[in-house]
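In what follows, a single structure is set out as structure tokens and then discussed.
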Amino acid sequence: MAEETDILIADEHQADTGSWDGGDQKPFKASYGKLMMWYFLLSDAFTFAGFLIAYGALRFSSPSWPVPDKVFATAPFDIHNTIFGGEAPLIFVTFMSFLLIISSGTMVRAVQEGARENKRGVVFWMLLTVLGGAGFLGCQAWEWTNLIATEHMTVSTNPFGTYTENGFYLDPETGEVTDEVVKEGETYLLHKAGVSHGEGHEGEEHFEYPTVAGDYAGFQIDDEGFIHRKYVVSETNEVKLQDFGPTAFGALFFGITGFHGFHVFTGVIFLLIILINAGSGVYAARQNGYEMVEKIGLYWHFVDLVWVFVFLVFYLL
Amino acid sequence: MANHLSYEDSVKGVWKGLGLLAIVTLAEVFLSLGKAMESLEEYTWVIYGLAFLIIVLSIYKAYFIIYEFMHMGYEVRGLALSVLLPVLLLVWALVAFFNEGSAWKNNREEINERDNIEAEAPVGMLNEDEVTSDALLG
């Protein structure tokens, strides 16, 4: 076993200096692995850019778009109700961003310890990085579960609609015009009849919506059970129904955050593999300043970098 | 690697960098929440200005992560250029596809408008029930 490992190390050590068949001169004074990691990340950046630009194009093509402050206003353990009184816009996702940023910092520490050939330091800081990544994944799992199970958003259904006119709601019971305001540009969530939706309902006077699909005085219930309230448009006096939001929103959200989450997931796996290798002394024997840790570090920072832009387009703008 | 600094200095640099990223992120979140304030609704240019500022801060964050955390600032200039220059192609993609998106929106609005124009009955042609009654009469 030990012999085998030695041969392996000798091979790889040789590979580190001999992979470029052009003699001792290395292009850009970088090792083969590191340079290829950079070019892989470049190609991956284009993949993400393609997705994010598609998001932008579809958003520009839509007459309305769900307001992020409204869509991402929940947090685990009912924090949005108990501490923030109903809505906690962007609070939870800011916490998630901090997890990734901090894990990026601990990754830099691991690389620094590697450069000093300090095995214990590498293992310690990589372990913290893994914890940060796993924590982020846990948060994302909660976010998705909340969106799917509580708010009933799917890849093809987007219950987050946005008003494009001003007006007033009809009373659900009597169908008469109320003084409850409908505001242009405001995002609402279509609730399902008879299902708890995890939000405080103020001003609805605890009206019990029926669960049977049909057209009622002040609202309609569709076949899937979504309640569409009726409202009258101020300008034209036309009675309208609350509609679903742009369908693409769900697909884009789950697709892009899912693809990023998959990167985080693979990143955690790679970090674990390299953590174990570092701990068992494989890289110490190579005596190249823990270059593998540096390479996985590049990948991990890239995952953080992509999140900067996912965070920008989905949550901040 | 960062042989340009002593070990202690580069460790300090990491925590300083983390602090910087944290502050920029918090600033972004506050700007974003401010952007959604109702009192700003009338001033579209303020909203656009804030959005622009958020984008600039995000790009600064990206620059910092690439140049400090990923050590691009300490690599050979050619390496940095060969990775970063291709990214400029995305500027074209951004402009082209965002224009395309607004064009889809305009087309859709135009089609909706045309659908709403009441079609006038063509002059000098049989209308539908006349055709059927003629056919019945043989």
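The values are calculated or read from the model by the stated rules, or taken from the named source; none is laboratory data. On a predicted model such as this, the values are computed, not experimentally measured, just so you know. Note that each Cβ is placed from the backbone with ideal geometry, even for glycine, and that neighbours are counted across all protein chains shown.
Yes/no per residue for (1) at pLDDT 95 or above; (2) at negative phi; (3) in the same structural domain as A:PHE168 (by TED's automatic domain parsing):
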| site | (1), (2), (3) |
| --- | --- |
| A:PHE226 | no, yes, yes |
| A:THR236 | no, yes, yes |
| A:THR257 | yes, yes, no |
| A:GLN287 | no, no, no |
| A:GLU294 | no, yes, no |
| A:TYR299 | yes, yes, no |
| A:VAL308 | yes, yes, no |
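Yes/no matrix, rows are residues, columns are (1) farther than 20 Å from A:GLU294 by Cα; (2) more than 10 Å from chain A (Cβ to nearest Cβ); (3) surrounded by 13 or more Cβ atoms within 10 Å (Cβ to Cβ); (4) touching a residue at least 60 places away in the same chain (Cβ under 8 Å):
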residue: B:ALA51; (1), (2), (3), (4): yes, no, yes, no
residue: B:ILE54; (1), (2), (3), (4): yes, no, yes, no
residue: B:LEU57; (1), (2), (3), (4): yes, no, yes, no
residue: B:ALA62; (1), (2), (3), (4): no, no, yes, no
residue: B:ILE66; (1), (2), (3), (4): no, no, yes, no
residue: B:MET70; (1), (2), (3), (4): no, no, yes, no
residue: B:GLY73; (1), (2), (3), (4): no, yes, yes, no
residue: B:PRO86; (1), (2), (3), (4): yes, no, yes, no
residue: B:LEU89; (1), (2), (3), (4): yes, no, no, no
* Asked: Within region A:69-86, can one find any residue that is facing another protein chain (nearest Cβ under 10 Å) and either assigned to a helix (DSSP H, G or I) or surrounded by fewer than 18 Cβ atoms within 10 Å (Cβ to Cβ) (or both)?
  -> yes
* **Contacts under 6 angstrom Cβ, first residue in region B:18-43 being more than 7 Å from chain A (Cβ to nearest Cβ), partner of a type in the set (Lys, Arg), 6 or more apart** => B:VAL24/B:LYS61
* Just one of the numbered conditions (1) in contact (Cβ under 8 Å) with a residue 12 or more places away in the chain; (2) assigned to a helix (DSSP H, G or I); (3) over 30 Å from A:GLU291 (Cβ atoms) is not true of A:SER64; which one? -> (2)
* So which of A:GLY121, A:GLY132, A:GLY114, A:GLY138 ends up being of a type outside the set (D, E, K, R), surrounded by fewer than 21 Cβ atoms within 10 Å (Cβ to Cβ) and either in contact with a strand residue (DSSP E or B) (Cβ under 9 Å, 6 or more places away or on another chain) or within 14 Å of chain B (Cβ to nearest Cβ) (or both)? -> A:GLY121
* Asked: Just a yes or no: is a residue in region A:269-288 surrounded by fewer than 21 Cβ atoms within 10 Å (Cβ to Cβ) and within 11 Å of chain B (Cβ to nearest Cβ)?
  -> yes
* Asked: Does A:PHE265 satisfy the criteria of being touching a residue at least 40 places away in the same chain (Cβ under 8 Å), more than 13 Å from chain B (Cβ to nearest Cβ) and either surrounded by fewer than 22 Cβ atoms within 10 Å (Cβ to Cβ) or in contact with a Pro (Cβ under 9 Å, 6 or more places away or on another chain) (or both)?
  -> yes
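Yes/no per residue for (1) facing chain B (nearest Cβ under 10 Å); (2) assigned to a loop (DSSP other than H, G, I, E, B); (3) more than 30 Å from B:GLU109 (Cβ to Cβ); (4) at pLDDT below 90:
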{"site": "A:ASP21", "(1), (2), (3), (4)": "no, yes, yes, yes"}
{"site": "A:PHE28", "(1), (2), (3), (4)": "yes, no, yes, yes"}
{"site": "A:MET36", "(1), (2), (3), (4)": "no, no, yes, no"}
{"site": "A:SER43", "(1), (2), (3), (4)": "yes, no, yes, no"}
{"site": "A:ALA49", "(1), (2), (3), (4)": "yes, no, no, no"}
{"site": "A:GLY56", "(1), (2), (3), (4)": "yes, no, no, no"}
* **Selection from region A:268-298 of residues that are in contact with a Gly (Cβ under 6 Å, 6 or more places away or on another chain) and either of a type in the set (S, T, N, Q) or in a helix (DSSP H, G or I) (or both)** => A:VAL268, A:VAL293, A:LYS295
* Subset of region B:104-118 (residues that are part of a helix (DSSP H, G or I) and either among the acidic types (Asp, Glu) or within 8 Å of another protein chain (Cβ to nearest Cβ) (or both)) -> B:TRP104, B:LYS105, B:ARG108, B:GLU109, B:GLU110, B:GLU113, B:ASP115
